[in-house]
Every structure is written in C-alpha cells, then in structure tokens.
1. Being within 30 Å of PHE297 (Cβ to Cβ) and either in contact (Cβ under 8 Å) with a residue 24 or more places away in the chain or assigned to a helix (DSSP H, G or I) (or both) is true for just one of ALA24, ALA14, ALA64, ALA78. Which residue is that?
2. Looking at PHE337, PHE413, PHE394, which is the one that is part of a helix (DSSP H, G or I), open to solvent by 10 Å² or more (accessible area, probe 1.4 Å) and either in contact with an Asp or Glu (Cβ under 7 Å, 6 or more places away or on another chain) or not acidic (Asp, Glu) (or both)?
3. Kindly evaluate VAL309 against the criterion of being over 30 Å from THR29 (Cβ atoms), of a type outside the set (Gly, Ala, Ser) and either under 22 Å from the mean Cα position of the chain (by Cα) or modelled with pLDDT under 85 (or both).
4. Report, ordered by the first and then the second residue, all pairs with beta carbons closer than 7 Å, sequence separation of six or more or different chains, a first member in region 450-461 that is open to solvent by less than 50 Å² (accessible area, probe 1.4 Å), and a second member that is β-branched (Val, Ile, Thr).
5. Sort out which residues of region 241-257 are part of a helix (DSSP H, G or I) and farther than 19 Å from ALA69 by Cβ, and write them in order of number.
6. Which residue out of ALA7, ALA92 is over 20 Å from VAL190 (Cβ atoms), surrounded by 24 or more Cβ atoms within 10 Å (Cβ to Cβ) and modelled with pLDDT of 80 or more?
7. So which pairs qualify, if the first residue must be in region 145-168 and within 15 Å of VAL366 (Cα to Cα), the second must be surrounded by 18 or more Cβ atoms within 10 Å (Cβ to Cβ) and charged (D, E, K, R), the Cβ gap must be under 7 Å, and the two must be at least 6 apart or on different chains?
8. From the list LEU347, LEU326, which residue is out of contact with any Asp or Glu (no Cβ under 7 Å at 6 or more places or on another chain), open to solvent by 10 Å² or more (accessible area, probe 1.4 Å), part of a helix (DSSP H, G or I) and farther than 24 Å from PRO59 by Cβ?
Amino acid sequence: MQLLKRAFARESAAGYLEKDQQMARVLTTKDLIGLGVGTVIGSGIFILPGHEAANNAGPAVSIAFLVAAIFSGICGMAFAEFSSAMPVAGSAYSYGSVIYGEVIGWILGWSLILEYFLAVSAIATGFSAYFNNLLGQMGWALPKALQAGPGAGGVVNLMAVVIILISAAILFAGVSQSKKIENAGVVLKVAIIALFIIGSLFFVKGHNYADFYPKQFQTGVFGLGGLTAATASIIFSFLGFDTIAAHAAEVKNPTKTMSRGILGTVAISAVLYTLFSIVLTGIVNYKNLGVDDPAAFALQAVKQTQFSVVITIGALIGMFTAVLALIFASSRLAYSFGRDGLLPRGLGKVAGPHRLPVNALILAVVVEAFLAGLVPLSTLANLINIGTLTAFMFISFGVLFLRKRQDLKHDSFKMPFYPVLPVIAAGLSLLLILRLPAETLKMYGVWVVIGLIWYFTYGIRHSSLNQIEK
C-alpha cells in the first residue's frame, strides 16, 4: 500500500516551471501553428484518405475526417486549457503527473514516447517510398537493398534514415532556425494541397459519389462500423496539437499563445483534410484508391501526369515537416523524463548556445533512425493511434480535476460546456480505443507492462519527487 501511495504522489506545476526555466521561450502563435500543421498535414493527408475510402468508408471518408477533426478539436480544447494553466514541457506526461499522480503521468508519457517514435519512423518510411517513386519517374533508382529494411526484402531503408538525420541537423542548429524552415515548408505544402483541391474540381465526376457510404461498410451499431473504424484509424493524423503542448516551455506568452496554436492547427487541418477527401473520391472511384499515393494515382488516372509530380513533391515536403516537428516533440518528451529522473538524468540537461536538450535529441534520433531504417512498421501503425487516444482520454477527463485545483487557477483559455464536454471527449476516446484491432490492444498492453516494470524498478527510485519526499 505504501508503494502505491508513493506511485500516485503528485508533482507540482510550480516545480516543473522552475525546472523548465533553462529552456528559451522563443515560439510564437505562428510558430506553433507551423509545428502543428507541419505534423498533422504529413503523410496522413497523402495516404490515409485513399486507404480508408477503399477499406472502410467509401466517399464517406470525408465525414470520417470531419468527425475526427471535430473530436480532436474538442480534445484539443482540453490540452489548450492544461497548457495555459501549466506552460511546461512534457504535454500529457506532465499534466498527468500533476493531476493524477506520477505513475499515471508516466504511463501517459510512456504511451506518447511510443507514439512519437513510431510516427517519426512511419512517416520517414513513407517519405522514402515517395522519394523512390519520384526517382523512378526520373529514370533513376536506388539499389533494392537500400530501399527497404531486412523485414521488407532489403538491407536498410536509406532515405528514411537520411531524412531523419537531415531533420536532426536542422534541429541542432537551434529552435530559431528550425522554426523558419518548418514554417516555410508548411506554407509551401498547404499551397500545393490547395492547388490540388482547386485544380482537381474540374475532374470530379458526380457518379463517384453515388454510393456515398457503401453497404458493405455499414456494420455494427446503426451501421456506423465502417465510419467509426475509419475515424479511429485517422486519429493518428491529428496528433499535431499534442506536439504543440510538448513545447509549452519554449513559448512566449503561453497563457494565450498555446490555445491559439492548438485550436488554429485543428481548424486549418479540418478544412484541408475534409476538402481533400471530397475531391479525391470524386476524381476516382473509391474502390481504386487503396494505394500508397492516392492523390498522384488519381491525377494520373485523369491524364494529369505532370501535376502528379507536383503532388509527389508536396507529399515529400509534407512528410519532411512532419518528421521535423515530431523529432522536436519526441526529444522534448525524453527531456521531460530525464528532468524528473524517470529516465537517466542526462536526458534532462540543456546545453549549448541554443539551450537545447542535446542528449534527449540524440536519443530520439538514434531510436527513430533505427526503426525507420531496419524495422517494418506496418503491423505497429495502430499503436500510434492508441497512444494518442489514451492521452486524449486522460487529459479530457482531467479537466474535471484541473478546475478543482486551487493552485492551478487561471484566467486564460477554458474548455467550454464544462463539465459535459470533457466527459464526452473522454468517453469518445475510450470508444475509439475499443474500435482498434484486438492485436493492437494486446501489443499496447505489453508496452504498458514494460513501462510499469521500468517505473517500479528504476523510475520511482530515481524520481525527483521521490528525492523531495525523502
């Protein structure tokens, strides 16, 4: 009982704020939206609409994206309130440690570190596939051994590793430099997506919408099985605002800037994803969209081959900005673990002229490059979704406890329709978790057990909170 009592001891927000003073506050609302949109509008918009239309929802995939965006926006409000009340590094990990207790915070952080590492690796692998496609169109090709890892018939996925290393080099140049590159990439990427949406309207055929929500997908309660499955799979695309929350310790005027960055990201992403899906399924019948490059495929189908190259370049830019933003976020989460002693304290050190968590950044890059270069991630993709949804559930419900904490009173952004909306968001998160494949739930359970073993054998003994209590 004493051990459990200790595990549920709560961190203090004031303690986190004091520790995070070593970080430089340089990010603005524009920078946060750049980071958020850079993450959200990554491989998801160029791959998921086609796959989910073909496998789960037909043209109604646009509804699934809209529902996912609305749901993510509601959860984003919870993150916005937390980040305004506690502008500290670590996102859900730090919020959970303050509200629920250290062990719950650790489980949330452990879930997010899996989410970030796998997301970087998965997107880098997608970047490699698009890049190799582009080389093929130009008459060039890397050796087969360098196009995939051992599990996929090659030796190492070279371009997946290279894009992670290039992103790392940019991040090591400092936050000021990396945010300029991120923002420029996001503007270019959004422009290309807007060009696709507007230009493709001339090739939309009404009969492709005739079977809007195909009968074969109308399973489960009220026939919504296909839509809910698509929505659960799509959630991965909207983890961008969670990465924004991870940078709260580096934001100017966080009480206002954080909520604007998070909600601005969700709004922009919702519009782009929904319109993109509507146009895509109008150009080509949904049955033919189960490919890894559906937008380029659709343009080729209507004899717009040159424009398909532009879309491929847009996809590469999109995935590059997503990799950059997610490495940024994963290194800050690793820094938070080191800051609090739950992982080796060297990860929590900030050094150099740019005040960067250098060791945490190195760890993130090494793990992510290894996964991207050598490990096939197709069977693990849904683990990204379950990590996101777990954080959504706990943080949404946590608003109920946040409002009752006298030491966390604030006059900045607050989630509307309290307490109904936080409860709805948490309940929907749980529902979507249960819609994920059983194999995913089992693998996630194994990951949580590994995390708990680490916590009770190492973390609880080296925790800063433990040292204070002694």
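The values are calculated or read from the model by the stated rules, or taken from the named source; none is laboratory data. Predicted model only: the values in this text are computed from it and were never measured. When we count neighbours, we look across all protein chains shown, and the Cβ atoms used for this are built from the backbone with ideal geometry, even at glycine. Quick note on the areas: whole protein, heavy atoms, side chains included, nothing else; ligands and nucleic acids left out. Shrake-Rupley method; radii C 1.70, N 1.55, O 1.52, S 1.80 Å.
1. Step by step, each of ALA24, ALA14, ALA64, ALA78 is checked, and only ALA64 is within 30 Å of PHE297 (Cβ to Cβ) and either in contact (Cβ under 8 Å) with a residue 24 or more places away in the chain or assigned to a helix (DSSP H, G or I) (or both).
2. It is PHE394.
3. yes
4. GLY451/ILE107; TYR455/VAL103
5. ALA248, ALA249, GLU250, PRO254, THR255, LYS256, THR257
6. ALA92
7. ILE164/GLU368
8. LEU347
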